[in-house]
Every structure is written in C-alpha cells, then in structure tokens.
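Input: a single structure, listed below in structure tokens.
The values are calculated or read from the model by the stated rules, or taken from the named source; none is laboratory data. Computed from a predicted structure; not experimentally measured. Quick reminder, even Gly has a Cβ in these numbers, built from the backbone with ideal geometry, and neighbours come from all protein chains shown.
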Amino acid sequence: MADDEVNPKETGLMLIGMGPGTVDSMTNEAISVAKSADYRRYEAYTALWPDDELNSLEGIIGPIEKVMRPEIENPDEILTLAKHSLVAVLIVGDPLQATTHIDLQLQAIEQGINCSVIHGISITNLVTGAIGLSNYKFGRQTTLTYPYSGWVATSPLEVIALNRQMGQHTLALLDLDPTGAGTGQQKPMAPADAVISMKSMIEKVEDNIEEMSTDNDLARLKKQSLEEFIALESCDLPVVLCSDMGTSQQKMIYTSLADLSELQGGRMNCLVFPASTSDVEEKALLRWLKEE
C-alpha cells in the first residue's frame, strides 16, 4: 500500500456520558469508545463518581486523568491534543446537560476538530420518573449553592417560587464546591447544608423584597411568587430528598423542609420541590414518606 493510501490516525474530541455513578450505568458504546481513546480526562467539578467505581472503570478502559473547571473552561491543552490524537472527556451523567460542555463542543468545532458525543443517563431524566412525578409538570431546574465569600445568590429561590406559582415541580441540584472555584476540595452538599442555603436565601429575599422591581408582568409575578413562598411555614413546604440516584444505594424520602436537616442523605444528593400534585402523583410520593 502506498504511503498516501495509509489511513490517517483518528483524531478528535469525544464527550462521553458516564451515567449517574456506576460502571454498569455506562452504555457499552461509551465504554468501548472511551477505551479507544489515546487520552482520557475525567471532568470532576460538576459531578462526581464514587472512587471505587472510577477505579473499576480505569481498570477497564485504561488510565484516566482528573481535570477541573480551569481545564474545561480554558481547554487549550485538551483541544491541542485532540488535533493530533483521540481525546475522551468523561462526564458524569449526560455530556451536554451543562453549558460548559456545550461551549467545549463549540470551541472544538470552531477549530476544525471532529467532536462526537456519546450520551449517558442524566439525573435530570432519572429523578422525575423514579419519584413518580410527571415529567411534563417540571419547570426550570436550578442548583442550590454554598454562600461564596459571604455572598448569597437568591436566583435558586426565585426559580423554585416561580415554578410553584405556576404549578410546576422543581428539580434542585446541590452544589459540591464550597469555594466556588472549581479547582478541588469538593464537599457535596448534604441535606443540612441545603436547609442552610434555603434559609439564607429566604432571609435575604425578606430583607430586599420591597425593593424588587415591578416594571413588567414577569417582575410582578416573580415578586408575588416570592412573597407567597416566604409566607409559607417551612414545615408546610414538601420536598423529596433523592440520594445516590441510579446506584444500588439509591434512596428517596418525602419530607418537609423543616425536617430535611435531620436526614443523613447519601454521597450525592438532590432535591425535588413538588408543586400541586395529581392523585396519582400524590399516591406515588407517599411511597417515600419519611417514617416517624
């Protein structure tokens, strides 16, 4: 075979969904493609796998290097490698659930780098069906964050309150980086941390709600929804704690915000705030009712 007929080395970027937390949750395609890569990078700041499962995966597909927020948001090294080699970026859940990863995909395309996507099971479609609420009745999702340098973001509370006003359920993911830097020292938020976050947001909104704009219909609706939300007693606010979803340790508990801090939770947690529920939805939720 002449030199010009030799197939060139395959190069490019592969965004691979790892699923929620176990090797078994990855598709055969995802494992096969990851194994074929020259370099493997595990994005470990938006979500985490258990260390033992990550070690098991490494034993199957080959060496994996952990990368954090700086390497993904400024991906010069990854894209340089992808121009001459096959690079796999392993992402917990589905690769395109976060705009950070979509931006990485777009940067690769802009530089003429082939970018393929292997989808995985995401917490956003796993939780809704698992707890028994209609996926059609979920509004915008949000993330409860740690206070960064004393700053309390109230946008998550605005999302929950506005969804509730419109009869929509809310999936609230929980932060795992107390520093906000995305460089390590992760501490996945526990239920008690989530309660502190909620109370901090409520207190801040209470202090500032009179100054909120009412210049348009959306602003007025947002203010009204927040007023109604903070008027609720926390014991009256239903919430479902979902822990280690998609793993053998998966657990769901239907409780109230007032009782949430008493719960241990799991390795990774998220919350669902139900709004108005149908008879079927309420019956489904009662399966997870916290035992007294």
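Per-residue answers, yes or no, for (1) under 18 Å from the mean Cα position of the chain (by Cα); (2) part of a helix (DSSP H, G or I); (3) of a type outside the set (Lys, Arg); (4) farther than 22 Å from residue 125 by Cα:
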| site | (1), (2), (3), (4) |
| --- | --- |
| 156 | yes, yes, yes, no |
| 167 | no, no, yes, no |
| 176 | yes, no, yes, no |
| 180 | yes, no, yes, yes |
| 186 | yes, no, yes, yes |
| 192 | no, yes, yes, yes |
| 198 | yes, yes, yes, yes |
| 201 | no, yes, yes, yes |
| 219 | no, yes, yes, yes |
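Name the residues in the range 35-70 that are modelled with pLDDT of 95 or more, crowded, with 20+ Cβ neighbours inside 10 Å and assigned to a strand (DSSP E or B), would you? The answer is 40, 41, 42. What are the residues in the range 243-258 that are of a type outside the set (A, V, I, L, M, F, W, C) and not in a strand (DSSP E or B), if any? Answer for the range 243-258, where residues must be of a type outside the set (A, V, I, L, M, F, W, C) and not in a strand (DSSP E or B): 244, 246, 247, 248, 249, 250.
Scanning the range 71-82 for residues that are modelled with pLDDT of 95 or more and charged (D, E, K, R), we see that the one that is farthest from residue 23 (Cα to Cα) is 76.
Residue-wise test of (1) under 29 Å from residue 285 (Cα atoms); (2) under 19 Å from the mean Cα position of the chain (by Cα).
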site: 81; (1), (2): no, no
site: 89; (1), (2): no, yes
site: 110; (1), (2): no, no
site: 114; (1), (2): no, no
site: 124; (1), (2): yes, yes
site: 135; (1), (2): yes, yes
site: 143; (1), (2): yes, yes
site: 163; (1), (2): yes, yes
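Count of the range 77-111 residues, restricted to those that are closer than 17 Å to residue 42 by Cβ, assigned to a helix (DSSP H, G or I) and without any contact (Cβ under 8 Å) to a residue 60 or more places away in the chain, is 3. Please verify whether residue 222 is surrounded by 12 or more Cβ atoms within 10 Å (Cβ to Cβ), closer than 18 Å to residue 259 by Cβ and either out of contact with any Ser or Thr (no Cβ under 9 Å at 6 or more places or on another chain) or basic (Lys, Arg) (or both), treating the condition exactly as stated. So residue 222 does not fit the description; no.
Here 248, 243 are screened, and the one residue that is under 30 Å from residue 24 (Cβ atoms) and surrounded by fewer than 15 Cβ atoms within 10 Å (Cβ to Cβ) is 248.
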